1. Rounded to the nearest whole Å², what accessible area per residue is found for region A:5-80 with the 1.4 Å probe?
2. Please list, by residue number, every one of the trypsin sites (Lys or Arg not before Pro) in region B:501-556 that is coil in DSSP and has at most 11 other beta-carbon atoms within 10 Å.
3. Projected onto the charge dipole of chain B (+1 at Lys/Arg Cβ, -1 at Asp/Glu Cβ, origin at the Cα centre), which of B:G103, B:T714, B:S57 gives the Cα projection farthest towards the positive end?
4. Using helices alone, what [θ] at 222 nm do you get for chain B, with -39,500 (n - 2.57) per DSSP H run of 4 or more residues, divided over all residues and rounded to the nearest 500?
5. Suppose we compare each residue of region B:667-716 in its chain alone and in the full protein complex with a 1.4 Å probe; which ones drop by at least 40 Å² of accessible area?
6. List the residues, sorted by chain then number, that are 5 or more residues from B:R514 or on another chain and whose placed amide H is less than 5 Å from its amide H.
7. Quick check: the angle from helix A:106-119's long axis to the longest principal axis of chain A, C-alpha only, nearest 10 degrees?
8. Within a 10 angstrom radius of each residue's Cβ in B:523-535, how many Cβ atoms of other chains show up on average? Whole number is fine.
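The values are calculated or read from the model by the stated rules, or taken from the named source; none is laboratory data. Quantities reported herein were computed from a predicted structural model and do not represent experimental measurements. Because the Cβ atoms are built from the backbone with ideal geometry, glycine has one as well, and the counts that use them run over all protein chains shown. Please note that ligands, DNA and RNA were not included when accessible areas were found on the heavy atoms of the full protein model with its side chains. Shrake-Rupley method; radii C 1.70, N 1.55, O 1.52, S 1.80 Å.
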Amino acid sequence: MSAKVQVQTTINNEPVEFLCEPRQSLLECLRDIVGLTGTKEGCGDGNCGSCTVKLGDRIVTSCLVLGVEAAGESITTVEGLAHGSTLHPLQKAFLDHAALQCGICTPGFLIAADALLQKHPHPTEEQTRFWLSNNLCRCTGYDKIIRAVQAAAIEINGAAQ
Amino acid sequence: MSTTYNVIGTRPIRHDGADKVTGRALYGADLQLARMIHGAVLRSPHAHARILRIDTSKAEALPGVFAVVTAADFPPAPADKIVDFGEGDTLLSSLRGNILASGKVLYSGHAVAAVAAVNAHVAAEAAALIEVDYEPLPCVLTAPEAMAPGAPILHENLPNGNVAELIRYEMGDLAAGFAEATVIVERELDTATVHQGYIEPQNATAFWSSDGRIHIWCSTQGSFVARDASAAVLDVPVSQVKVTPMEIGGGFGGKINVYLEPVAAMLSKKAGRPVKLVMSRRDVFTGTGPTPGSRVRVKIGVNDAGKITAAQAWLAYEAGAYPGAMVGPGAMTVFACYDIENVLIEGFDVVVNKPSTSAYRAPGAPNSALATETVLDEIAEKLGIDPLELRLRNAAKEGTRRADGPRYKRIGCIEVLEAMKASPQYNAPLPGPNCGRGVAIGFWFNAGLPSSATLSVNADGTVNLIEGSTDIGGSRTSLSMQAAEVLGLRAEDIHPTIVDTDSVGYTGVTGGSRTTFATGLAVHDAAQMVVEQMKARAARLWAVDEVSFSNGTFSANGQSLTFAQLAAQLGATGGPVSCSATVNPKGVGGSIAGLIIDVKVDPETGKTDVLRVTSVQDAGKAIHPAYVEGQMQGGTAQGIGWALNEEYFMDADGDMRNGSYLDYRMPTALDLPMIETIIVEVPNPGHPFGVRGVGEANIVPPLAAVANALYRATGKRLNRVPMNPATILGL
Ligand code: FES
Ligand code: FES
């Protein structure tokens, strides 16, 4: 076992300090060390998107980022989307549109969709599908996810001009 | 039947919704326990080999390692003992052999040993230190090859080489039927091995306590099946095992079997600590049940009136390493949509050196429907009649007898076909050249099996629901809605909790599209018992003999109390009300589904774009229509992936070369259009609300519908699934 490294970072707007081995992924650190298990592991090799988190101003698959790379960064996970007990409009739209079945892909989709709506306030269906194509869902066929994201866009940013 | 409901048919927010969108819901891999250690499984690199020696000493010596197990640590399996797997039985020796190989490995990915260590990294390092000497044997990978004379034999004890089971269904006079036919078409089609593809890998955590009790936490479709199978493999009484079902990240039939649970338990017994095992994605592909590859031949004859006079099918399905391909249901469903007098069906369950197959959404049915529905498409073309019209002329109806025996009660085949015919998509023109439209239909039985539920009335007028069906796609809510309907409450007034196997009566798997039907029936019955007991309380309060109950209000002689008002007085009228029901329903209603699909094929690259899709299904009664639509959309998407792209690429040595999501490419959001849905409701007489079950039938039509659409787009009848660019271009 290798010596552990101390990492100081910010997670969901709170300062966090943790100890990890250099080989541990950010996903592992979030889940097993910090205890934030909302971020899921579907593949461990960057191809399912269920571990998607926001790192600084970009979204990453946290299974492909090392925990030590979080030092000095700001991270948002699914646990940080809601404001207190008020759901984020995307979370609410996912529930209103029945956009989850088993729900294992949902945290990754929510983080990715949040980033999409910051970049494209009124994404077209094509833009939405393209943006979310790194996130696999095996349950829904995506229909209700796309509708939920587009409904949330209107809720957050008003109807497109 | 025009029953009006207050709750059924509405779209309330699911009860577990907030937990699942905020990351609070705990799935199997999320569990953390004090002193918990982590495991890794060593898997065979060979598809077929004798194990000569396993030396675990180097692994055991690695610092941080707590325990190593191999097959030798498990009690021997008596040769003929059967384990009830809920949707089907399995030989204990097969189950046990699949969990950890002894004697021989039968597929690349077969588990050979497992390690528990301080963390998963150390466990993986230790697993790599285990020395296994193999004597490689020739392997056989497809059913036709495995049935050929001289093929390598997997199990010496099977009487017919690699054929584990022969199935034969016969009805009428086949030769006479074909003699009446004016058009006869025969085709043979192959399908590749595909995986269920649930996003959450298998996981299990177990603690073997010093008092002999074993506690298992896992993502399973059936906590009682996981309990019973684990107890059988460990050779302990079922009462020694408690399974706590965690939230489950998809299953589609693939999380009925146990893989890790007994291994985690045995590691825990040795280590004296809770042990968690989580599969990697490659382990999921190579070590857990895919669905069978198959070869199916279908021959159908029709007369000038477009009536089928005879039908014959020959099916060979790959079981994988142990007997139990889904050829039984494949054979039973191959002509299940049609009323045919003269039928012969022969099925072969064939073992091959691939992972042991498990159920996948209407298991076995898509493979066989592919052949039937493409042959019918060709016949319709030859006769010059609309493909839906040909199906309507032959559609199964009440009283139709299937070749495997049963006669249908109410069945929605005609209604589904009529809905397809009337759908907006079927009446819209295709957008241009290189486009084609295909249709197909399919049948799935749905399942009954036992279920239990307990309802307890709270003083505030709400009701707690305790049940044991793991919730894969909103069943907490579809069950609560049925309780609410009976009790005259809102869905939100019911609080559902899924509990462990010690805390609720036996409940079968969440599979076979049965949960909303069977557990729904248990909930319905328990709710009716609650109503009766509440009526008795009101009768006591009012000193009357008869109390009536409707729309949530109890009344007698001009007096009335709402459910909540009476609930507040339970303490004063004899104490709390809590009712349990356990059912074993017989009135299962089969479901018919249909698909219309428009595709466009690039003639240069062979790439297929899916332009438009409409999925139609008879739900019996849609309790929560949004989640019924979701099942239809999900099954359709999986079927399209299966039809166009998904496939295990095995090299000649039986090694899977595409065991990652990068290379085993499932449909992404960009590969699919919106999926239109039409819910048909032909009530099932065997359920108080008419529920049939909606999870599976929707995956049966897509393979054939895609094949038919590709024919219209390209003029080619393809005989191999996946119909990827290479197949389309004939490369
Ligand atoms: S777990 Fe990171 S992309 Fe799948
Ligand atoms: S809801 Fe199950 S994978 Fe998306």
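1. On the way: 3030 Å² over 76 residues.
That works out to 40 Å² per residue.
2. On the way: sites: B:R514, B:K535, B:R537, B:R540; in loops: B:R514.
When the trypsin sites (Lys or Arg not before Pro) of region B:501-556 are filtered for loop state and at most 11 Cβ neighbours within 10 Å, nothing remains.
3. The one lying farthest along the dipole's positive direction is B:S57.
4. For chain B, the value works out to -8000 deg cm²/dmol.
5. Those are B:T668, B:A669, B:L670, B:M674, which lose 40 Å² or more relative to the chain on its own.
6. The list, which skips near neighbours in sequence, is B:A447.
7. 70 degrees
8. So the per-residue partner count for this stretch is 0.
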